[in-house]
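The values are calculated or read from the model by the stated rules, or taken from the named source; none is laboratory data. For clarity, every value in this text was computed on a predicted model and none was experimentally measured. Don't worry about glycine lacking a Cβ; one is built from the backbone with ideal geometry, like all the others, and counts go over all protein chains shown.
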Ligand SMILES: [Zn+2]
């Protein structure tokens, strides 16, 4: 049983994306009590983004006070390369920063203790603890959106390598293929990200579409261009996941992001594509993410509760997965 004061506790969670930020006050039972959304002002440069993060933390802190809630700390997750140990946002092509001591800065600006994390790893922790991979120790969480990344968990622990592990989008699936934003050629991301699928459909058919969901719709209508583009993306993902399976033997692969919204249209052919490539390997279960675009925010809250010196709730026992905040 908890006492009265514990019930009035919360943490501030903030997921900073390339286009928008999602913030929330989250209680010990991982319920989001209040949420906010803001545009990420990345066109104004990294200083503007950092100022906006501090402003949203301040706003949520005031909101908590208004509702009589005590804030136990904050979790902030950002994209790019993040070193949780040194609390540094090492690099983000999208947000334009390099070697930024973001947690220290935000603590100075807000007066809160701040746990800094990586958006995809934090989302992966949330899926492991609260979502589609509950109960599994060997997990890959693969969001497929504008880019492709992965959070890797091996024997219940996040594989971080100072923030460099899990860059699944930049394994080469088409040697000598199209140039990638990373400087290499033929990367998975250039073939199978939601953005790449939409662009490839436009280039092939001469018809512009808004995103990968529009390609999925045309696929269901039997459009041959959509079928070709989709099949190429699925085969590329199959190749990459076969590598992941051979090297890490995940029990569960959780697919998220915009492309996974296609559901069975992605999952069914991808399961078949992966199965064709495997021989002796342990077969992973391919499932869809359950937490949607709240995964990063909930992961930020888990990191904040961990840093505050306690489990968020007794129902989330595996202590090793919570190391993401350490
Ligand atoms: Zn690349």
Mind listing whichever residues of the range 154-176 are without any contact (Cβ under 8 Å) to a residue 40 or more places away in the chain and in contact with a helix residue (DSSP H, G or I) (Cβ under 7 Å, 6 or more places away or on another chain)? 169, 170
I'd like to verify a number: residues in the range 215-227 that are in a helix (DSSP H, G or I) and surrounded by fewer than 17 Cβ atoms within 10 Å (Cβ to Cβ), how many? 4
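Going by the structure shown, is residue 244 under 26 Å from residue 279 (Cβ atoms) and either crowded, with 19+ Cβ neighbours inside 10 Å or not assigned by TED's automatic domain parsing to the domain that holds residue 278 (or both)?
Numbers: under 26 Å from residue 279 (Cβ atoms): yes; either crowded, with 19+ Cβ neighbours inside 10 Å or not assigned by TED's automatic domain parsing to the domain that holds residue 278 (or both): yes.
For residue 244, the condition - under 26 Å from residue 279 (Cβ atoms) and either crowded, with 19+ Cβ neighbours inside 10 Å or not assigned by TED's automatic domain parsing to the domain that holds residue 278 (or both) - is met.
Got a sec? Which of 136, 150 is in contact (Cβ under 8 Å) with a residue 40 or more places away in the chain and within 23 Å of residue 29 (Cα to Cα)?
Working: 150 fails: within 23 Å of residue 29 (Cα to Cα).
Answer to the selection: 136.
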For residues in the range 87-104 being touching a residue at least 60 places away in the same chain (Cβ under 8 Å) and in contact with a helix residue (DSSP H, G or I) (Cβ under 8 Å, 6 or more places away or on another chain), which is nearest to residue 25 (Cα to Cα)? 95
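Going by the conditions given, is residue 274 buried (at least 18 other Cβ atoms within 10 Å of the Cβ), assigned to a helix (DSSP H, G or I) and away from the ligand (no atom under 16 Å from the Cβ)? Don't jump to the end; show me each part of the working.
Working: buried (at least 18 other Cβ atoms within 10 Å of the Cβ): yes; assigned to a helix (DSSP H, G or I): yes; away from the ligand (no atom under 16 Å from the Cβ): yes.
Yes, satisfied.
Out of all the residues in the range 278-292, is one or more in a loop (DSSP other than H, G, I, E, B), modelled with pLDDT under 95 and closer than 23 Å to residue 78 by Cα? Before you say what the answer is, go through the steps one by one.
Applying the first criterion (in a loop (DSSP other than H, G, I, E, B)) to the range 278-292 yields 278-284, 289-291.
When the remaining residues are screened for being modelled with pLDDT under 95, the result is none.
Checked the range 278-292: no residue is in a loop (DSSP other than H, G, I, E, B), modelled with pLDDT under 95 and closer than 23 Å to residue 78 by Cα.
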